[in-house]
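Reading through the structure tokens given below for one structure.
Each value in this text was obtained by applying a stated rule to the coordinates, not by laboratory testing. Every value quoted in this text rests on a predicted model; they were computed, and no experiment measured them. Reconstructed Cβ throughout: ideal geometry from the backbone, glycine too, with neighbour counts over all protein chains shown.
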Amino acid sequence: MRKEKEKNIYVWPGLAIMEFLTAIALTIILLVWALLINAPLLEIANPGISENPSRAPWYFIGLQELLVYFDPWIAGVMIPFIIIVCLMIIPYIDNNPAGRGEYTFSLRKFALINFNIGFLMWLILIFTGYFLRGPNWQFYWPWESWEAAKQVEENLWSLDPVYGLAGLAAYFGAGLAIPRLISPRFYRKCGFKRYVIVMTSMLLMYAVPIKIFLRLVFNIKYILVTPWFNI
Amino acid sequence: MSKKKRLWKRIRHSRVWKSIFRHGYEDTKRNRILQIRSNIFLHIHPAKIPSQAGKIRFTWCMGGITFFLFIMEVVTGILLMFYYRPVTEYAYLDMKYLEFDVPFGLILRNIHRWAAHLMVATIMLHMLRVFLTGSYKPPREFNWVIGVTLLALTFLLSFTGYLLPWDQLAYWAITVGTNMIRAMPFIGHEGPFAFVNKYNDIRFMLLGGTGIGPNALLRFYVLHIMVLPAAAIIFIGLHFWRIRKDGGISRPL
């Protein structure tokens, strides 16, 4: 397939012209955008009067939204840190040689499905935080008025540390063991170290929506309570 | 030959002209290659690329657009620096000054703001495209790592710029953002296993105080106009260099 398409073109003028045209088009778009819509500017900063709700910039709202479900050290520090590290190690843990430099779904199902779920989760969190949160970060549908006060807090409860620890151990233990039993081929292809790294990052990623689910449906505040930190 | 044409010919054959423009403009293969090779700005390109690699439906053009938006940010940012003082007494007044007094000041600030938002979006789309086309696979692994670094730098650039207007939106958004840093394990004073207090933890280091005040404004300003752009320029250079060195523009190798 590659051979028949392998035709080289000169960058000048073909590609260079396209780049200049794109630059001009973008300049026009930005100019029109800037003429039509003004950048926001509220009152002068006043530490005495807080904005309600005060929102982080939109690209960080995903993390702010996670504050509902996690303590700040997880939502604001550990999750972004783990996301960045996991993104960086992707090329080194993905040893599937297929689909290098071309669009394919069938040859890279595992990688594409999981990456896109992660990407989508990030977008959903941003959307929820930006459009569906009102005063005191309470949930409001777009058609609901912010005037109507929401009930502040449901009765949240935490798991007993013993059950919590057992639950976490079961989640990660089963998460590491079951795929190996179901698909020994996948395990063989990865090798032990790569398998553990891949599955751990996957389990960490899916732990986020699971915790959100537990919180929303069963009102669980913490899965694990310790004197030093809570998860 | 008319007088005008003769003059034009003399100019083009002069030593001065030839010292600046090294080759003619006739449409020859040699000139097409020289046009790229002998121009410092264009020579980041190869002289030829595979025809399907340059297709917009393949690349989405998102990397290039992100780079262009970065240039746009640098240009408008430098112009804004002429009018903006990172001091709590003046920062907000300078925003009003830009809005009402500086010719085209409002447009300048608008472009800077919207291009920044757009850049965060396009860099995320660029990452998605690179993942979908498997373009991080060997030999391009390390360029993906550089790309993730650039993603983080873009977030930080945008975040530090957010405080500078010194209005309520800026102040409380940065409050929300920097409050999370308090909870950093070990080095944040509210984090697990903290061995610091609020006067010597990581948040104090970033803000130059326990809250967002004049020091924080100045620090964010210096980070925003000097430290982070310099880092971004270095990593952008590396990123482009490695595209050429690691197999060229994305395509099956």
Hey, among the residues in segment A:84-110 that are more than 8 Å from every other protein chain (Cβ to nearest Cβ) and not in a loop (DSSP other than H, G, I, E, B), which one's surrounded by the most Cβ atoms within 10 Å (Cβ to Cβ)?
A:C86
Kindly check whether there is at least one residue in segment B:106-119 that is more than 10 Å from every other protein chain (Cβ to nearest Cβ), out of contact with any strand residue (DSSP E or B) (no Cβ under 6 Å at 6 or more places or on another chain) and in contact (Cβ under 8 Å) with a residue 24 or more places away in the chain.
yes
Odd one out for B:T76 among (1) within 10 Å of chain A (Cβ to nearest Cβ); (2) surrounded by fewer than 21 Cβ atoms within 10 Å (Cβ to Cβ):
(2)
Identify the residue in segment B:204-253 that is closer than 14 Å to B:W144 by Cα and in contact with a Ser or Thr (Cβ under 7 Å, 6 or more places away or on another chain) and, among all such residues, is surrounded by the fewest Cβ atoms within 10 Å (Cβ to Cβ).
B:F235
Test: A:W157 is more than 24 Å from the chain's Cα centre (by Cα) and without any contact (Cβ under 8 Å) to a residue 24 or more places away in the chain
no
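Suppose the filter is more than 8 Å from chain A (Cβ to nearest Cβ) and among the aliphatic types (A, V, I, L, M); does B:I181 pass it?
On the way: more than 8 Å from chain A (Cβ to nearest Cβ): no; among the aliphatic types (A, V, I, L, M): yes.
Answer is no for this residue.
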Among the candidates A:F131, A:F81, A:F127, which residue alone is under 20 Å from A:L63 (Cβ atoms) and within 12 Å of chain B (Cβ to nearest Cβ)?
A:F81
Please specify each residue of segment B:129-143 satisfying the condition of being without any contact (Cβ under 8 Å) to a residue 40 or more places away in the chain and surrounded by fewer than 22 Cβ atoms within 10 Å (Cβ to Cβ).
B:F131, B:L132, B:P138, B:E141
Scanning segment B:1-24 residue by residue, those hydroxyl-bearing (S, T, Y) and surrounded by 10 or more Cβ atoms within 10 Å (Cβ to Cβ) turn out to be B:S14
Residue selected from segment A:48-70 under the condition part of a loop (DSSP other than H, G, I, E, B) and within 7 Å of chain B (Cβ to nearest Cβ), by the criterion surrounded by the most Cβ atoms within 10 Å (Cβ to Cβ)
A:A56
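For every residue, the table says whether it meets (1) part of a helix (DSSP H, G or I); (2) among the β-branched types (V, I, T).
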residue	(1), (2)
B:I36	yes, yes
B:I49	no, yes
B:F67	yes, no
B:I78	yes, yes
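Is there a residue in segment A:3-26 that is without any contact (Cβ under 8 Å) to a residue 12 or more places away in the chain, in a loop (DSSP other than H, G, I, E, B), surrounded by fewer than 18 Cβ atoms within 10 Å (Cβ to Cβ) and at the interface with another protein chain (Cβ under 9 Å from one of its Cβ atoms)?
Of all residues in segment A:3-26, those without any contact (Cβ under 8 Å) to a residue 12 or more places away in the chain come to A:3-26.
Now drop any that are not in a loop (DSSP other than H, G, I, E, B), which leaves A:6-7.
Right, trim to surrounded by fewer than 18 Cβ atoms within 10 Å (Cβ to Cβ) and you get A:6-7.
Subsequent filtering for residues that are at the interface with another protein chain (Cβ under 9 Å from one of its Cβ atoms) retains A:6-7.
The answer is yes, given that some residue of segment A:3-26 is without any contact (Cβ under 8 Å) to a residue 12 or more places away in the chain, in a loop (DSSP other than H, G, I, E, B), surrounded by fewer than 18 Cβ atoms within 10 Å (Cβ to Cβ) and at the interface with another protein chain (Cβ under 9 Å from one of its Cβ atoms).
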Of the residues that sit in segment A:173-224 and are buried (at least 16 other Cβ atoms within 10 Å of the Cβ) and of a type in the set (V, I, T), which one is farthest from A:F115 (Cα to Cα)?
A:I220
Give the residues of segment B:35-57 that are touching a residue at least 12 places away in the same chain (Cβ under 8 Å), more than 8 Å from every other protein chain (Cβ to nearest Cβ), over 19 Å from A:L26 (Cβ atoms) and of a type outside the set (S, T, N, Q), sorted by residue number.
B:A53
Which of the numbered conditions does A:I37 fail, given that it passes all the others? Conditions: (1) touching a residue at least 40 places away in the same chain (Cβ under 8 Å); (2) surrounded by fewer than 19 Cβ atoms within 10 Å (Cβ to Cβ).
(1)
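Can you tell me how many residues in segment B:129-171 are at the interface with another protein chain (Cβ under 7 Å from one of its Cβ atoms) and in contact with a Lys or Arg (Cβ under 8 Å, 6 or more places away or on another chain)? Even if it seems obvious, please write down each step before you answer.
Step one: list which residues in segment B:129-171 are at the interface with another protein chain (Cβ under 7 Å from one of its Cβ atoms), which gives B:131-137, B:141, B:144-145, B:148, B:152, B:155, B:158-159, B:162, B:165-171.
Checking the rest, the ones that are also in contact with a Lys or Arg (Cβ under 8 Å, 6 or more places away or on another chain) come to B:134-135, B:137.
Counting residues in segment B:129-171 that are at the interface with another protein chain (Cβ under 7 Å from one of its Cβ atoms) and in contact with a Lys or Arg (Cβ under 8 Å, 6 or more places away or on another chain) gives 3.
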